[in-house]
1. So, in the stretch 394-425, exactly how many residues are touching a residue at least 24 places away in the same chain (Cβ under 8 Å) and either under 18 Å from Phe135 (Cα atoms) or among the acidic types (Asp, Glu) (or both)?
2. Part of a helix (DSSP H, G or I), of a type in the set (A, V, I, L, M), modelled with pLDDT of 90 or more and closer than 30 Å to Thr127 by Cβ - does that describe any residue in the stretch 226-246?
3. What number goes with the only condition from (1) under 39 Å from the mean Cα position of the chain (by Cα); (2) modelled with pLDDT under 90; (3) surrounded by fewer than 18 Cβ atoms within 10 Å (Cβ to Cβ) that Tyr52 does not pass?
4. Among the numbered criteria (1) within 22 Å of Val294 (Cα to Cα); (2) crowded, with 21+ Cβ neighbours inside 10 Å; (3) β-branched (Val, Ile, Thr), which one does Val243 miss?
5. If the Cβ limit is 9 Å and pairs must be 6+ apart or interchain, which residue in the stretch 82-110 that is at positive phi pairs with which residue that is assigned to a helix (DSSP H, G or I)?
6. Please find, among Ser412, Ser457, the residue that is surrounded by 23 or more Cβ atoms within 10 Å (Cβ to Cβ), in contact with a Phe, Trp or Tyr (Cβ under 6 Å, 6 or more places away or on another chain) and over 20 Å from Phe161 (Cβ atoms).
7. Looking at (1) in contact with a Ser or Thr (Cβ under 9 Å, 6 or more places away or on another chain); (2) surrounded by 15 or more Cβ atoms within 10 Å (Cβ to Cβ), which is the one condition that is false for Val252?
Amino acid sequence: MSAVSYGTRILADKVCKAGVFSCSFGEAIQATTGTFPPDFSARTCAEYDGLYFDPQHNYAILVITALFAALMAFAIGGNDGANAWGTVIHSFAIRFQPAVILGTIFEVLGATTIGYGVSGSIQTGITKLQNPDCFACGYCNSSMTLYYMGMMAALISASIFILAATMLKMPVSTSHTIVSSVFGMTVVFGGFGCADFGFDNLGGVIASWFISPLAAGVVTIIVHYLLQHLIFRARNPRERAYVIVPLLYFLVMFVIVLISYLKAPVLKHKPRWQGVVVGLAGGVVMMLIYLFAVFPRLRDNLPSLSSANRIGADVMNFDDVEEFPSSDGTELKTMKGGRFQDRPSLALLDEYDALTPDQQDAMYLFKHLLVLVACLQSFSHGSNDTANATAALSAVVNGFRHGINDCADPESPWWIMLIGGVFIGLGIWIIGKKVMDTIGKNISVVTFDRAFATEFSSAITVVVCSILDVNVSSTHCQVGAVIFISMASKESEMIHWKLVSLILAWWLLTLPLSAGLAGVIAYVLKYSVQV
């Protein structure tokens, strides 16, 4: 430390005390708003005490954080991609390659069109930035440099945890992981008093372990029984499906639009009635598209009209049977040959073969509906959850641009969301099939109608819980839905309970492991930013 800076430090120590505003903070706020901040007095302000270096224009922090944000987005794609596409692919509604192409396109669209903006729940919702006893943003003894380093530590921790879970084929909540990581660094830098334990934040994470799978499971059972009663057990399932499936296209579009209005940063502050109106309009348009563009083609290619159109017929070129160990040590039987992720299980083909011709026709009408649901789910995920990777980076970018005295919730610009969406797509492409196997076929066998029930019920659960301000995880919802619908279908013996227990263990370990790792990284980084 030079003699000049040392002398400045001594002078600053004499005038800077906890709870005294930074003079630079007052000037910055006045330049932005035209007024000084509340309770600010130029007579009592002090210069920054210089304990930590100013992150403004510090490229090292920015580049390292950006690299781990990209890794985080990649890991999110590999893990969360299964929520939309796992059951759709493994019910054999669509093959893997076209699925990941569609998934990537809709993830990027969701992230860049309505995903940009402020994501305060991650950036400032967990941590008390302006508390003078915590990060003291705006005060002369500000430790906002620690906050920016902490956000980098949170990204490193979360990306490592999610990537490890993905490689082990374990579906985990990416939202809970980053929230837990931010909590861990906050405790290390400021203590437990600087973390928000409210239901909207950490308390909601813990509650979601139970609420998400149970709520989605109950809704899934209701949807499943309605489909069975109204369509598949009706006297004429095909004719009944002709009437009900168009309504399902309407409902799917309506629900996904509502999710976007309730959760996307750009839309969630708008009046909810706007979401209802736009959702109704979108639902009507989607239903008309189905009736006049999609349905005529489906009607001319029903399984009852040609054996070549039977569900699963396009995979009958697979020869012989192959057994392979599942995640819980049991043996699963699949058709041999071709790409592994395109192989259907024999149990799934047996389920389709057991249907009557009318039931097969009705089931066939769900094929394109499933793909639509998955596309819209990917769009919603891109708009909502890309922020799990980009919010921490946006906070660091804010510090890089404006320094330690900017206490506002930083926005995630569209170009950051674009990069995040692209890396999520890469994650789906490269490592996505691992968790897709777990959700789509290793937990239990899922047919078209069950896949629709799980996907649609998860979306409904997210909408209802968002309206009630209850924190839920889409991953927990999806896993719970698959388990409950298998039980409702009286196929609980096909559920791999050992695998389910392992998944639950990972959910419970998300908080302590990701928070602990972030805390350790933050503790190490703390000594690298002191002047």
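1. Total satisfying the criteria: 15.
2. For the stretch 226-246, residues part of a helix (DSSP H, G or I), of a type in the set (A, V, I, L, M), modelled with pLDDT of 90 or more and closer than 30 Å to Thr127 by Cβ: absent.
3. (3)
4. Just one mismatch for Val243, condition (2).
5. If the second residue must be assigned to a helix (DSSP H, G or I), the pairs left are Phe92/Asp314; Phe92/Val315; Phe92/Asp342; Phe92/Leu348; Phe92/Leu349; Phe92/Tyr352; Phe92/Lys367; Phe92/Phe448.
6. It is Ser412.
7. The number of the failed condition is (1).
For (1) buried (at least 24 other Cβ atoms within 10 Å of the Cβ); (2) at pLDDT 95 or above; (3) in contact with a Phe, Trp or Tyr (Cβ under 6 Å, 6 or more places away or on another chain), each residue gets a yes or a no:
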site: Gly382; (1), (2), (3): yes, no, no
site: Asp385; (1), (2), (3): yes, no, no
site: Ala408; (1), (2), (3): no, no, no
site: Leu418; (1), (2), (3): no, no, no
site: Gly427; (1), (2), (3): yes, yes, yes
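The values are calculated or read from the model by the stated rules, or taken from the named source; none is laboratory data. Every value quoted in this text rests on a predicted model; they were computed, and no experiment measured them. Note: ideal-geometry Cβ built from the backbone for every residue, glycine included; neighbour counts use all protein chains shown.
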